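The values are calculated or read from the model by the stated rules, or taken from the named source; none is laboratory data. What you are looking at is a predicted structure, and each value in this text was computed from that prediction instead of being measured. Here Cβ is always computed from backbone atoms with ideal geometry, including for glycine, and neighbour counts include all displayed protein chains. Surface areas here come from the heavy atoms of the whole protein model, side chains and all, with no ligands, DNA or RNA. Shrake-Rupley method; radii C 1.70, N 1.55, O 1.52, S 1.80 Å.
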Amino acid sequence: MKLTELKQGEEAVIVNIDANSELRNRLLSFGLAAGERLSVKGHSLAKQTIEIEIDGTLIALRREEADKIEVKRP
Amino acid sequence: MEHIPIKVAMVGQPNVGKSSLINSISDAHLHVGNFAGVTVEKMEVETRYCDEEGCCEYDITIVDLPGAYSLRDFTLEERVTRDFLLNEDYDLIIDVVDSTHLQRNLLLSAELLELGRKMIVVLNMNDEALKEGIEIDEKQLSVILGVPVIKTSAKTSEGLDELKRLIAEVYKKQETDSKIVYSDFIEEEIEHLVRFFSERHYKSDIPLRHLAIRLLKEDTAIYRKMHEEPIWIELLPVLREALEHIYLHTGKKDIEEIFNDEHFAFAKGAKMEAMSTKSMRAHNLTQKIDNLLIHPYLGIPIFLFFMWALFQLTFTLGALPMEWIGATFDWMADLSKELLGESALSSLVADGILSGVGAVVSFLPNIVILFLGIAFLETTGYMARVAFLLDGFFHKFGLHGKSFIPLVTGFGCTVPAYMAARTLKSRSDRMITLFILGFMSCSARIPIYVLFAGAFFSRDDAGNILFLIYIGGALLGLVAAKILRMTAFKGEDDPFVMEMPKYRMPSLKLIYHVVYGQAKDYLNKAGTFILMASILIWFASNYPKNPQLEALYQQKIERSFSQEEKQSLQAQLQSKKMQESYLGIVGRFSEPFFAPLGMDWKMGVALETGLAAKEVVVSTLGVLYSLGEDIDEENSSLQESLKKNISLPAAVAFIVFVMLYIPCFASMAVFVREAGGWRYLGYLFLMTTAVAWSLSFIAYNSVKLFL
Ligand SMILES: Nc1nc2c(ncn2[C@@H]2O[C@H](COP(=O)(O)OP(=O)(O)OP(=O)(O)O)[C@@H](O)[C@H]2O)c(=O)[nH]1
Ligand SMILES: [Mg+2]
């Protein structure tokens, strides 16, 4: 399932990141990589932007970017 | 005693406290804020360390660099860091790490270790780590990384003396033992290559291990260099084979990705070995505050409320000291007239310098309050939240959420705001932001607004008017962004991924530095630039003298009987004199341009001098309106004389014009540099002037219609 399908407060494990190498590198710098655990902390109006937590870091993502991250429930 | 210079590069991910650390070990006041991308330019700071035993003194130059998540450049300011590390001269790297985000920070450390330079790893924010129950074994970590590791806190100054000592110690070392250990299959290939080189007694200026790693990483610079050498022919097949092995082992063909995975595994492994968490008290507070501040429905209204409150405060709290300062300058002007008598000199001092500079200085309290507000936004961590809240909205207008950061900086001063736009990666996002930044009213325009709002609206409304002006400017900026996005800067959408720092209470010291620094800058400007401008304007409005005209009026005045007639003649003389002055000539020339906006030539001239800097508008008005009118009246504050001489529609038109036209000379220079060409300044000038004129025209006519 996609990251955007998670509800606020839900936890998941990253399965795959389907993005170009630039974005993938950036996400990796934030600690986002396959196998890592994340949780959804909040979102703005109409889920346009999503706030997630990974390894203690809070990260804001736009919907389009979040859609590229495939996750599964642990 | 011997003096030894050391150059240190301060590197680390954004918002880990590099600039704070430098401020704490030296007496510098680098800009600090609680969001990623505060430092966007390299800055050098000097400090000393005295080694008593070795009897030598070290002159340490620390280079503060923009934070970078990685050395693979992404944004402009990260490129500054990367270029510095690869191309410039320095003795050692200080890699600053946020102890509370060890794993993520070690990813960058891994890249830095690969540079093969002398290095110290600094575990900063130790105070926070302790509070969050995070324990790091720095000795263990030092063994893993092969470089010294030290715990510090820029907040409590823990470990700072030790850091200086360490800088000297590492400097004296011959070579670095920095190492990063890869998976076995890569280590094998590295070993293979190293053996290949050493068997051939190859002379390399970097350690062989680093040479091998860089070759495996397909580093273009090293390939170019090796290509020139005879060994290349033999090297090529060996290298090809090594890469084949690696590809085969990982099942991937992208060497960059393979090494990324290696770094990730390395960072994770290092963290596992060196760090333990005792309790998870970490993010509870931040989470609770976030539940409210980035609430989907309440978030934006709360933000707007904060802004509204800030402008109310700016106006009401600033009003009191403003009156005192104004009164003091008036008193000084009267005094100097008394002391110097009626002469050209007394007019220069009283009407030129004191009215011009005084008009500007009296707004100091307003400016300080506004900057204080911005400082709170910057240092608490709220800034990134607002960027988060606004991204969806901004995105619809063709802007990037991160544009919010330069835009807010622009409420303070447009110059640093232009530079802050470097954190935007895509060129079109950056250009659009640069073009609309001028619509965010900078603090130098506050005096004009306060002056006019105070003169033409009631005291209770003035704060609201201020708020409306700012919101209006910002909304117009959005519309302009949309138009620019659809026409001039189409470009692709850029991803929005941004770190949200945890909330932090700004320290008193930081607040003090903001207030002190801004006040000092402002007064400095008033004492130099504004002073010069005031003298210039005084001169241009008093000369050339026309003795004939004066004699003529003097006769008329003597001949007249009633007091009233005398006064009106006096006033006529003043305005005639002014019209024939240099300033008057310029004013008359540009009068047709401003006439449709309901403005007289004086207002036009004030706007023109405002091209230099917005503070000058106020000092020009101060000089022009203190000279001309109301000579016999004792109480003639600038606000009152404006009220008497300017109609409400013209005043509104004036405010609108000020809101929208180009900020100042200094900002123009920076704009040319950041946008990358003079022609963009031409476009900017045309765009802002056209928008300012037309909206001012509309404002003038609609207010007139309503009255
Ligand atoms: N508690 C605590 N806070 C710190 C410490 N060092 C820095 N901070 C805070 O962390 C935030 C970031 O500090 P900066 O010095 O601006 O960070 P930077 O690394 O220069 O950031 P960029 O210039 O954006 O790369 C500020 O809010 C500081 O007050 C520390 O040791 N302890
Ligand atoms: Mg900094």
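Quick look at the values:
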quantity	calculated
Radius of gyration and maximum dimension Dmax of segment B:591-707, Cα, Å	15.9, 54
Cα shape, segment B:2-171, gyration tensor, a/c 1.5 rule	rounded
Relative contact order of segment B:2-171, defined on C-alpha pairs under 8 angstrom at six or more residues apart (%)	24 percent
Carbon/sulfur fraction of accessible area - chain A, other protein chains in place, 1.4 Å, %	45 percent
Residues along segment A:50-74 losing 30 Å² or more of accessible surface when the other protein chains are present rather than the chain by itself (probe 1.4 Å)	A:Glu51, A:Asp55, A:Gly56, A:Thr57, A:Leu58, A:Ala60, A:Arg62, A:Glu65
Long-range lysine pairs (8 or more apart or interchain), segment B:299-518, Cα under 19 Å	10
Chain B: relative contact order as a whole-number percent, Cα under 8 Å and 6+ apart	11 percent
Estimated dipole of the protein assembly as shown in Debye, rounded to 20 [Cβ of Lys and Arg +1, of Asp and Glu -1, Cα centre]	2020 debye
Counted charge near B:Met599, where neighbours are those whose Cβ lies closer than 12 Å (Asp, Glu -1; Lys, Arg +1)	-2
Globularity ratio of segment B:106-166, using Cα Rg and 2.2 N^0.38 Å	1.14
Most positive-pole-ward Cα, B:Cys50, B:Ile6, B:Ile144, against dipole of segment B:2-171 from beta carbon charges	B:Ile144
Solvent-accessible area per residue for the protein assembly as shown (1.4 angstrom probe, square angstrom)	44 Å²
Estimated [θ] at 222 nm from DSSP helical runs (n ≥ 4, -39500 (n - 2.57)) normalised by residues in chain A, nearest 500	-4000 deg cm²/dmol
Probe 1.4 Å - accessible area at B:Leu597, Å² to nearest ten	0 Å²
Summed residue charge, Cβ within 13 Å of B:Val616's Cβ, Lys/Arg positive, Asp/Glu negative	+1
Inter-centroid distance (Cα atoms) of segment B:164-191 relative to segment B:6-71, Å	22 Å
MRE, 222 nm, helices only [DSSP H, n ≥ 4, -39500 (n - 2.57), over chain B, to nearest 500]	-20500 deg cm²/dmol
Interface residues in segment B:374-406 - accessible area drops by 10 Å² or more relative to the isolated chain, probe 1.4 Å	B:Phe388, B:Leu389, B:Asp391, B:Gly392, B:His395, B:Lys396
Chain pair B, A: total accessible area buried, heavy atoms, 1.4 Å probe, Å²	3200 Å²
Whole-angstrom gap from segment B:408-450 to segment B:496-563, using each part's C-alpha centre	22 Å
Accessible surface of chain B [probe 1.4 Å, protein heavy atoms]: carbon and sulfur percent	60 percent
Gyration tensor (alpha-carbon) shape descriptor, chain B, a/c threshold 1.5	prolate
The protein assembly as shown: radius of gyration and largest Cα-Cα distance (Dmax), Å	31.2, 113
About the Cα centre, charge dipole magnitude for segment B:2-171 (Lys/Arg +1, Asp/Glu -1 at Cβ), debye	520 debye
Fraction of antiparallel bridges per DSSP, the protein assembly as shown only, in percent to nearest 5	60 percent
Rel. contact order, % - alpha carbon contacts under 8 angstrom, at least six apart, segment B:299-518	25 percent
Exposure rank, largest accessible area first [B:Phe706, B:Phe457; 1.4 Å]	B:Phe706, B:Phe457
Chain B, dipole about Cα centre (Lys/Arg Cβ +1, Asp/Glu Cβ -1), debye to the nearest 20	1880 debye
